[in-house]
Amino acid sequence: MKVSAQGSSYTQMLGLHDPNAAGVMAPPGGIGAANAYADRTYDNGYVKKDPGTGNPNSIDPNTTWNWGFNNSAQYNAGAQTLSFQKQGSPGYNTIQNGAPDGSGNYWAGGFQMVAGIPLTQPDAWTFDLTAGFQGVWGAKQTFNFSSYREDVRQITVTDTYDVSGIGAASFPANGFHGTYLGPFDNPPVVPSPVIPNLPASRSSTTSAPLSTSYNSIGFKVDQSFYQFSLGPKVGLMTQGVSVFLRPSVSLDIVDANVDRNETFTQSSAAGNALLGSWSDSAKRQKVFFGLGAVVGANLDLGKGYYAGLFGGYDWVSEKLKVAVGPNILLLDGSGWVAGLSLGKRF
């Protein structure tokens with residue numbers, strides 16, 4: 001028999017995320033577009049507009065003297081460039097966001113009893129009308145899967161400015177700060193050096209995961225199957241061995257108990273933390289129409305007794321739907337059947 005899951009999860013329905021995340025992972029703000037004049041504030045300095053930046057009537061509208069940096073390591077004297085960095089807030093990055101894909105096949109032991117009325121019995125052939133009962137108890141299946149996973153990362157942007165117009169010998173070192181609108185160098189640098197307001201290049205890097213969060217969904221299914229069948233049985237006897245075919249129509253009762261558990265867990269260098277957990281249970285029973293066919297062979301033991309083996313397939317017209325939490329489980333009672341038999345012919 002088979003079982004599969006549909007639906008969603010509490011984690012996805014409630015829109016839960018790692019508490020380390022401020023929102024969706026995104027580039028840092030406050031640095032403007034790389035191709036437009038702007039006031040840019042970095043983690044280690046700033047490049048802002050001065051009154052002439054972008055003003056076509058100024059001496060050079062592409063420059064600004066309203067800038068500053070924190071340490072000399074940002075300046076590359078050989079390339080005559082100055083670099084600034086800004087790191088964005090921690091944000092979640094979705095790795096998996098799908099529908100449940102859990103499923104399983106399972107076997108179980110059972111009992112079958114068949115009784116027949118002979119309708120005709122030529123020399124080698126038998127033709128009976130049979131009625132049967134089949135019961136399968138304790139068909140258990142557990143399966144687990146994850147439908148959502150994310151990690152938390154940060155994006156760092158690096159802007160590099162061409163400061164060759166100043167010259168290495170004249171470049172202000174050790175944390176220059178522009179002389180307009182403060183903070184000010186003390187003593188002030190005169191004349192105030194200017195640099196382009198637009199970065200010559202912009203690049204970004206993404207950090208390694210700060211933490212990872214994921215859900216885990218587990219199902220425990222306990223299913224029983226009861227079948228009442230009716231159909232002909234055609235047999236052929238030869239040298240103490242008989243082979244037979246028994247097609248049938250049936251009423252099939254599918255009965256299921258389902259337990260569902262879900263957790264949302266954060267994993268980081270500090271260890272694991274449980275962010276949420278949910279438990280649900282459901283029970284359902286329904287009757288379906290079915291068809292089946294069994295073939296087998298019996299060995300005559302004498303005095304009307306026989307022993308044999310058989311195998312076949314039972315088809316159940318519909319799947320049992322069990323709603324549990326945000327999921328629907330589909331239980332398919334169709335399946336293969338095989339067994340050993342002992343009987344007597346009157």
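Values quoted throughout were computed directly from the atomic coordinates according to the rules given, and no laboratory measurement underlies them. Source: prediction; values computed, not measured. Reconstructed Cβ throughout: ideal geometry from the backbone, glycine too, with neighbour counts over all protein chains shown.
Determine, for each peptide in 61-68, 88-95, 169-176, the mean count of other beta carbons within 10 angstrom over its residues, then list the peptides with the highest first.
So the order, starting with the most tightly packed, is 61-68, 88-95, 169-176.
In what order do Phe145, Phe111 fall by count of nearby beta-carbon atoms within 10 Å, going from fewest to most?
Phe111, Phe145
Would you calculate a helix-derived [θ] at 222 nm for the chain, using -39,500 (n - 2.57) for each DSSP H run of n ≥ 4 and dividing by the full residue count, to the nearest 500?
Calculated at 222 nm, the ellipticity per residue is 0 deg cm²/dmol.
Take each of the peptides 35-46, 300-311, average the number of other beta-carbon atoms within 10 Å over its residues, and list them starting from the highest.
The densest-packed peptide leads the list: 35-46, 300-311.
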